[in-house]
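Written below as structure tokens is the structure these notes are about.
Each reported figure results from applying straightforward, stated rules to the coordinates on display, with no laboratory input. Just so it is clear, the model here is predicted, and its values are computed rather than measured. Note that we place each Cβ from the backbone using ideal geometry, even for glycine, and neighbour counts take in every protein chain shown.
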Amino acid sequence: MSQLELRDIRKTYPGALDETLKGINIDIASGEFLTLVGPSGCGKSTLMNSIAGLESITGGSIVVEGKDISTMEPKVRDIAMVFQSYALYPTMSVRENIAFGLKIRGMPKDEIQQEVERVADLLQISALLDKKPARLSGGQQQRVAMGRALARKPKIYLFDEPLSNLDAKLRVEMRTEIKKLHQRLKTTIVYVTHDQIEAMTLADRIAVLKDGELQQLGTPKEVYDTPENLFVAGFMGSPSMSFINVTVEQEGPGLVVNVEGSDGRKLALPVPDYLQGWVGKQVVLGIRPEHISQPDEQKRDSEMVAEARFTVEVTEPTGPDILAVIRLNNVDVQCRLDAEHPVNWGEEAELMFDMRKVVFFDPDSEKRIRP
Amino acid sequence: MTDIVRTGFRPSRIAIYGVLLLACLVYLVPLIVMLITSFKTPMDIRSGNLLALPTDWTTIGWTKAWSEACTGVQCEGVKGYFWNSFKMTVPAVMISTLLGAFNGYVLSKWKFKGSDLLFGMLLFGCFVPFQVVLLPMAATLGKLGMANTTAGLVLVHVIYGVAFTTLFFRNYYVAIPDALVKAARLDGAGFFTIFFRIFLPMSTPIFMVSLIWQFTQIWNDFLFGVVFASGDSQPITVALNNLVNTSTGVKEYNVDMAAAMIAALPTLVVYIVAGKYFIRGLTAGSVKG
């Protein structure tokens, strides 16, 4: 049974011409970790606030465990939220911060005490209980904010970009910790982020939003490997997918697209048969950096592989591998090369194009061409 | 830690301190003159230098000002009026400050249609001169049956002060993240719980600003006091004026000065006690974290 159903959620701010949310439909299962991802202004925070009841919706319904809560006050929805700015009560100690919600709900004192200690143990903040938030580091404040959410054992947890204010190292640590916590507690979580790596690593499923519309809803693998449209393809993955305008051509029994390097060298790349209907027409080839690498003996037997030498324009060593930029059909294309075989910029490199996982888009509708 | 290297006294330093010292003196001279004159005998005042110390230190000016000097027809000193001022100032300051805090909370965190307009209009209240509201206020107090009462005076000061206190608190609360209200709402707290349990406890600095500002304004007010209060309910500022203007025989400057000091002391004490918060409150919001 789904824990949270968003049915055709619509929201128009008073006085605004455009809808902020244009009919969002998402079902979230009990214990599922769903991330809402999208660029700023895509409506993800509005959607989050609507679920929490902090903002009203203008259409659709929000259903929790079969009950429509769309018009209920936030306090009766049994939903907890962790904020980007932590939003800890500055005049209260950590203990009081965690206990505040319990006290207001009239929980007996000894039970509050127990609950605070349970949460503090869980998040390893027992030593901080009597300190004021201002005396804690960003990471500790984040833990307290999570503790406050955990204390009520609500039905649903909402995380609104909780890691954005932390420095890079701490962010990765806390990410792992949130994932561990979720695996242990099996709670239902809706997590908003604009960081696609956070979305990929944490989520059971990802919902990609743009301009108030759901672009794609699927597992991280689905979203990464089979993006619905150009936007999703470009948004997910770092470095992002390269898009090359190509024309599908018939060559012998198979189909190919031709690409041309900056030095005028041409290469015919084999493409799958489902593009039969596109022969002679333009399509957008979406190719991820890892699809272009140094030649690999094992892949060579496949029919969907092509090799050629291209001039490397820029190299960016990342440690485990080197990101190289080549130019194909006048666009920059990123390749992921093995750091063991360094290439310098301006030099030619032997590259292998693995066409098994590339995707194609209709240049007009920007939708992925399905097999 | 800042590592400022002390390079000893350079001429520029000496010049700066010299100018500052001079400015201090200029500002202090009136106070010094008042203070030493209040401890002089009338003889001493007439014969001596204005800045000279008293030849015989005496508190007769103070005791006389407190309980014997004539303020018009009565000759009971200023003590009654001193307490009048307290009876008017303390409730007026507390009520206007609390109202301001509440208004500020609503106007910054619970915005409604037209709330910004309302705030803008409220700001006009800060620029309305006292004189403009005299007649309408007098009419209102008359209709309410509060003319010539301390309660009426309190009401006038609350109404006049609320524009300022609202401005203080609204600007203080606007810098506090909205997420705090959201978090509290999800925790189950309502409108008033959030105000009393979360916002009021963190308002100490701006509370002090409002307190000092309102106390100084209301305590020092003369115009409202002279217009809206009469006889027994008059505040000390009015009594001081009457005392100085009551001329029977020789002018007793020592009594005048002592009375003026008495009238000025409470605001001084308030500033000394709460002053450190005043600076902190005024700069709050400019520094984050």
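Partnerless cysteines in the protein assembly as shown, where a partner means another cysteine C-beta under 4.7 angstrom, comprise A:Cys42, A:Cys335, B:Cys24, B:Cys126.
The spacing between the range A:295-371 and the range B:85-108, judged by their C-alpha centroids, is 70 Å. For the residues A:Glu32, A:Glu213, A:Glu313, a GNM of chain A with alpha-carbon springs under 10 Å puts the largest fluctuation on A:Glu313.
Do any trypsin sites (Lys or Arg not before Pro) in the range B:1-92 lie in a DSSP loop with no more than 16 other beta carbon atoms within 10 Å, and if so, which? Write down the numbers at each step before the final one.
Values: sites: B:Arg6, B:Arg13, B:Lys40, B:Arg46, B:Lys64, B:Lys79, B:Lys87; in loops: B:Arg6, B:Lys40.
Hits after loop and neighbour filter: B:Arg6.
Can you tell me which of A:Lys299, A:Lys44, A:Lys169 moves the most in a GNM of chain A? Springs connect C-alpha atoms under 10 Å apart. Maximum among the listed residues: A:Lys169.
Between 0 and 90 degrees, the angle of helix B:150-174 with respect to the longest Cα principal axis of chain B falls at about 50 degrees.
Where a ≥ b ≥ c are the square roots of the eigenvalues of the C-alpha gyration tensor, would you call the range B:11-61 rounded, which needs a/c under 1.5, or, failing that, prolate if a/b is larger than b/c, or oblate? Since a/c reaches 1.5 and a/b is larger than b/c, the shape of the range B:11-61 is classed as prolate. If you average the sequence gap of Cα pairs under 8 Å that are 6 or more apart and divide by the length of chain B, what percent do you get for the contact order? Computed value for chain B: 29 percent relative contact order. Each of B:Ala189, B:Tyr17, B:Val90 was scored by the projection of its Cα onto the charge dipole of the protein assembly as shown, and the greatest displacement toward the positive side belongs to B:Val90; charges sit on the C-beta of Lys, Arg, Asp and Glu. Taking the charge dipole of chain A about its Cα centre, with +1 at Lys and Arg Cβ atoms and -1 at Asp and Glu Cβ atoms, the residue from A:Val343, A:Pro270, A:Ser61 reaching farthest to the positive side is A:Ser61.
Could you work out the local net charge near A:Glu198, counting Lys and Arg as +1, Asp and Glu as -1, over the other residues with Cβ closer than 13 Å to its Cβ?
Details: positive: A:Lys44, A:Arg171, A:Arg175, A:Lys179; negative: A:Asp160, A:Glu161, A:Glu173, A:Glu177, A:Asp195.
Around A:Glu198, the charge tally is -1.
Looking only at other chains, what is the average number of their beta-carbon atoms within 10 angstrom of each beta-carbon in B:195-202? The partial results should precede the final answer.
Working: counts 0, 0, 7, 5, 2, 1, 4, 4.
For peptide B:195-202, the averaged partner shielding equals 3.
Which net charge results when you count Lys and Arg as +1 and Asp and Glu as -1 among the other residues whose beta-carbon is under 11 Å from that of A:Asp362? Surrounding charge for A:Asp362 is +2.
Backbone amide hydrogens, once placed in the peptide plane, bring A:Gln3 within less than 5 Å of A:Ile28, A:Ala29, A:Ser30, excluding anything fewer than 5 places away on its chain. By other beta-carbon atoms within 10 Å, ranking B:Thr58, B:Thr97 with the fewest at the front produces B:Thr58, B:Thr97.
Please compute the net charge surrounding A:Arg265, taking Lys and Arg as +1 and Asp and Glu as -1 over other residues with Cβ under 10 Å from its Cβ.
Details: positive: A:Lys266, A:Arg309; negative: A:Glu260, A:Asp263, A:Glu348.
Every neighbour counted, the sum reads -1.
Note the angle between two axes, namely the Cα long axis of helix B:130-144 and the longest principal axis of the Cα atoms of chain B, as a number of degrees from 0 to 90, rounded to the nearest 10. Here the helix axis deviates by roughly 80 degrees. Computed over the range A:39-151, relative contact order equals 27 percent, with contacts defined as Cα pairs under 8 Å that lie 6+ residues apart. Quick check on chain B: take the gyration tensor over C-alpha atoms, sort the square-rooted eigenvalues as a ≥ b ≥ c, and tell me if it's rounded (a/c under 1.5), prolate or oblate. Here chain B falls in the oblate category.
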